[in-house]
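Enquirer: Structure in structure tokens, see below.
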Amino acid sequence: MLRLPALPTALVREVIVPALARFPASWSTRDAIVLLVAIAIQETQLATRRQGTPLKPGPARGLWQFEVAGASGVLQHPETHAQAQALCRQAGIHASAGAVHRRVEVDDLFACQFARLLLRTDPSPLPYAHLSAEAAAFAYYLRNWRPGAARTAKGRAKCAKRFTEAWRLALEAVA
């Protein structure tokens, strides 16, 4: 488990690189790594694994803030079903949305692997890891993570502003 709060470079070194080593090498591109870093920063600022507060907890878990529906989507999607099942077997858990949701909070490598699988469900190519591709990366994030905060125009603007910083930090971390 990554010690929190963490730096983006530590996330790459201690979580993302080892997690992606279990997948085909073609899945460990710079584009994928930068997007994974940006999303983790966007979702948690690399400071928490549980949404909300102890008194008012939210439904999302892990550094990539998976909800039960997201876990279910990865488990059921034709592009990721087999890999998700294999990851669950390796982790010694039942391949169910609830079990995955619980696991992503206590196993950063597993959470990263599920986040990478979620990116695989999108038929569009990953956005380029370049400062000029921020808008494309933000659209990719919105399409796949569907953050509740971005449902309103005001929330989307706030979310976009935060993503600008997350994208910049991710690019620096994976330079």
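Enquirer: Cβ contacts < 9 Å: first residue within 17 Å of Pro5 (Cβ to Cβ) and touching a residue at least 40 places away in the same chain (Cβ under 8 Å), restricted to region 26-53; second residue part of a loop (DSSP other than H, G, I, E, B) and of a type in the set (D, E, K, R), any location; separation 6+ or different chain. Result?
Expert: none
Enquirer: Sort out which residues of region 34-77 are in a helix (DSSP H, G or I), surrounded by fewer than 23 Cβ atoms within 10 Å (Cβ to Cβ) and of a type in the set (A, V, I, L, M, F, W, C), and write them in order of number.
Expert: Within region 34-77, Val68, Ala69, Leu75 qualify.
Enquirer: Further, regarding this structure: With respect to Ala82, determine if the residue is farther than 25 Å from Leu4 by Cα, out of contact with any Lys or Arg (no Cβ under 9 Å at 6 or more places or on another chain), without any contact (Cβ under 8 Å) to a residue 60 or more places away in the chain and not in a strand (DSSP E or B).
Expert: yes
Enquirer: Got at least one residue in region 48-67 being modelled with pLDDT under 95, among the hydrophobic types (A, V, I, L, M, F, W, C) and over 15 Å from the mean Cα position of the chain (by Cα)?
Expert: yes
Enquirer: Which ones in region 15-25 are assigned to a helix (DSSP H, G or I) and free of Cβ contacts under 8 Å to residues at least 60 places away in the same chain?
Expert: Across region 15-25, the qualifying residues are Val17, Ala25.
The values are calculated or read from the model by the stated rules, or taken from the named source; none is laboratory data. Keep in mind the model is a prediction, meaning the values are calculated, not measured. Note: ideal-geometry Cβ built from the backbone for every residue, glycine included; neighbour counts use all protein chains shown.
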